[in-house]
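Please treat every number below as a calculation from the coordinates, not as lab data. Keep in mind that this is a model prediction, so the values were computed, not measured. We place every Cβ from the backbone using ideal geometry, glycine too, and count neighbours over all the protein chains shown.
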Amino acid sequence: MTVGLQHYLVLSAVLFSIGFYGAISKRNAVVILMSLEIMLNAVNITLVALSRYVTPVAMTGQVFAIFVMTVAAAEAALGLAIIIAIYRSRETVDVEKIDLMKW
């Protein structure tokens with residue numbers, strides 16, 4: 001059995017759906033951040049798969065995937081720093097109890 005483009009796209013769609021469900025349904029800020037990372041990895045799989053099957057010689061999908069991983073690493077570091085700061089002041093990471101923008 002040969003692994004084709006459809007297999008990678010289905011895998012990417014399943015990962016994105018799992019991440020989207022986690023980001024929408026969970027209340028813990030760390031779990032939401034992890035769900036966003038799963039969604040970004042699904043996008044990376046799609047970029048690399050489409051690049052491999054559309055233009056096998058050019059490595060544009062891999063370059064974009066590395067760029068997305070760099071942005072995801074910065075987002076994770078900044079997100080965790082914000083979550084730690086909120087936890088120190090509020091002693092919770094429940095997003096429904098974090099109301100910093102309210103008066």
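A simple spin-label model places pseudo-atoms 7 Å from Cα toward Cβ; at Ile24 and Ala74 they are separated by 2.9 nm.
On a full-extension model of 0.36 nm per residue, what is the gain between Met1 and Val31, subtracting their alpha-carbon distance, rounded to one decimal in nm?
Details: separation 30, 0.36 × 30 = 10.80 nm, distance 3.59 nm.
Stretched fully, the Met1-Val31 segment lengthens by 7.2 nm.
Please find the FRET efficiency linking Ala81 to Thr60, where r is the Cβ-Cβ separation and R0 is fixed at 41 Å, and quote it to the nearest 0.05. Using R0 = 41 Å, I get an efficiency of 0.80.
How far, in nm, would the chain grow between Leu9 and Glu96 when pulled straight, counting 0.36 nm per residue and subtracting the alpha carbon separation? Walk me through the numbers on the way to the answer.
Numbers: separation 87, 0.36 × 87 = 31.32 nm, distance 3.39 nm.
Residue separation times 0.36 nm, minus the Cα-Cα distance, leaves 27.9 nm.
Explain nothing, just the number: dipole magnitude of the chain about its Cα centre with +1 on each Lys and Arg Cβ and -1 on each Asp and Glu Cβ, in debye rounded to the nearest 20. Present the calculation step by step, with values, prior to reporting the outcome.
Working: 7 positive and 6 negative charges, 8 e Å.
Value, rounded to 20: 40 debye.
Computed 3J(HN,Hα) for region 22-39, one whole-Hz value per residue from the Karplus formula 6.51 cos²θ - 1.76 cosθ + 1.60 where θ = phi - 60°, is x, 6, 7, 9, 8, 10, 7, 5, 5, 5, 5, 5, 5, 5, 5, 5, 5, 5, glycine and proline marked x. Considering only Ala81, Asn44, His7, the residue lying farthest towards the positive end of the dipole of region 1-92 is Ala81, judged by Cα position with unit charges set on Cβ. Can you match Rg and Dmax of the Cα atoms in Å to one of these, (i) 13.8, 44; (ii) 29.1, 93; (iii) 17.2, 60, based on a calculation from the structure here? This structure yields the entry labelled (iii).
Percent relative contact order of the chain, based on C-alpha pairs within less than 8 angstrom and at least six residues apart?
Over the chain, the number comes to 26 percent.
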